Amino acid sequence: KGTVVEEAVGADSNRKDSVADLVELETIQIYVWGGQIAYQSNDTGTAGEMFEAPMVDVYVNLESFLNQQGARPFGEALSEASDAAFLEKSQGDMQAAIDTIFDSLTAAEQVTPKSDRSPEDSQAEVLADLLVRAATQYNSAFEADGTDRTWLNGYGFYKAAQYRASVALPLLSQQKTEIHSAFLKAMEILDQAYK
């Protein structure tokens, strides 16, 4: 069985499952974080690929669903970020495209259909998956056949986990204290790893 990320992304995602919707949006965020750090490190080719990938892998299947929910489209912003990297445009142009993507992702999350599952359960499942993927990619990056791209993927998962933790942890702090504590500990470890 694949991870939540692998199972949720694609044209056949279960649109009645809020976890699947969150993960698809999170997957785009993962690529964008990786692309941003690659661009800041002057690896413009990798940055362009990272911004281009979610358009092909996720957004093309997600756009009509977002339109139905009344969310603003952001495919153009993904293209602009990729172009800014490949054409080595200014940091200002790049940041404007990235800000548009992140703002659109936040807005899209607000209009995704809610499932029968509790918000804390949905948020916890997504956060757990992101943490595992961030740790797995980090370890893989430092193996003999590890690559910069593997590290960038892991960094994207870590940054997405940071955002998801800001949403999930307040929900978990009152009702699921043991899970809340475990997540805090995991985030501390990843904070040091990706420092």
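Could you work out how far the C-alpha centroid of segment 84-100 sits from that of segment 106-168, in angstrom?
If we compute the Cα centre of each part, the gap is 24 Å.
First compute the accessible area of the chain with a 1.4 Å probe, then give the percent of it belonging to carbon and sulfur atoms.
Answer for the chain is 49 percent, counting heavy atoms of protein chains only.
Please list, in order along segment 38-51, the HN-Hα scalar couplings obtained from phi with the Karplus expression 6.51 cos²θ - 1.76 cosθ + 1.60 (θ = phi - 60°), rounded to whole Hz, x for Gly and Pro.
Once rounded to whole Hz, the list reads 5, 5, 5, 8, 6, 9, 5, x, 5, 4, x, 5, 5, 6.
For the chain, what relative contact order do you get, as a whole percent, if you take Cα pairs closer than 8 Å and at least 6 residues apart?
The normalised contact order for the chain reaches 23 percent.
Leaving out ligands and nucleic acids, and using a 1.4 Å probe, what accessible area per residue does segment 64-133 come to in Å²?
In whole numbers, segment 64-133 has 49 Å² accessible per residue.
Please list, in order along segment 84-96, the HN-Hα scalar couplings obtained from phi with the Karplus expression 6.51 cos²θ - 1.76 cosθ + 1.60 (θ = phi - 60°), rounded to whole Hz, x for Gly and Pro.
4, 6, 4, 8, 6, 6, 5, 4, x, 4, 4, 5, 4
Loop only per DSSP, at most 11 neighbouring Cβ atoms within 10 Å: give me the chymotrypsin sites (Phe, Trp or Tyr not before Pro) in segment 133-195, ordered by residue number.
F142
Divide by every residue of the chain the summed helix terms, -39500 (n - 2.57) for each DSSP H run of at least 4, and state the resulting mean residue ellipticity at 222 nm, rounded to the nearest 500 deg cm²/dmol.
Result for the chain, helices only: -25500 deg cm²/dmol.
Work out the count of Lys pairs in the chain where the Cα-Cα distance is under 29 Å, with the pair 8 or more places apart or on different chains.
Value for the chain: 19.
For an R0 of 22 angstrom, estimate the FRET efficiency from the Cβ-Cβ distance between R72 and A96 and round to the nearest 0.05.
Efficiency, from the Cβ-Cβ distance: 0.90.
How would segment 60-185 be classified by its alpha-carbon gyration tensor: rounded, prolate or oblate, with rounded meaning a/c under 1.5 and the a/b versus b/c comparison settling the rest? Walk me through the intermediate numbers first.
Numbers: a/c = 2.26, a/b = 1.18, b/c = 1.92.
It comes out oblate by the Cα gyration axes.
So what J values fall out for segment 148-154 if you push phi through Karplus, 6.51 cos²θ - 1.76 cosθ + 1.60 with θ = phi - 60°, rounded to Hz, Gly and Pro as x?
4, 5, 4, 5, 4, 4, x
The values are calculated or read from the model by the stated rules, or taken from the named source; none is laboratory data. Please read these numbers as outputs of a predicted model, since none were measured by experiment. FYI the Cβ positions are ideal-geometry reconstructions off the backbone, even for glycines, and counts take in every protein chain you see. Protein only, heavy atoms only, side chains kept; ligands, DNA and RNA dropped before computing areas. Shrake-Rupley method; radii C 1.70, N 1.55, O 1.52, S 1.80 Å.
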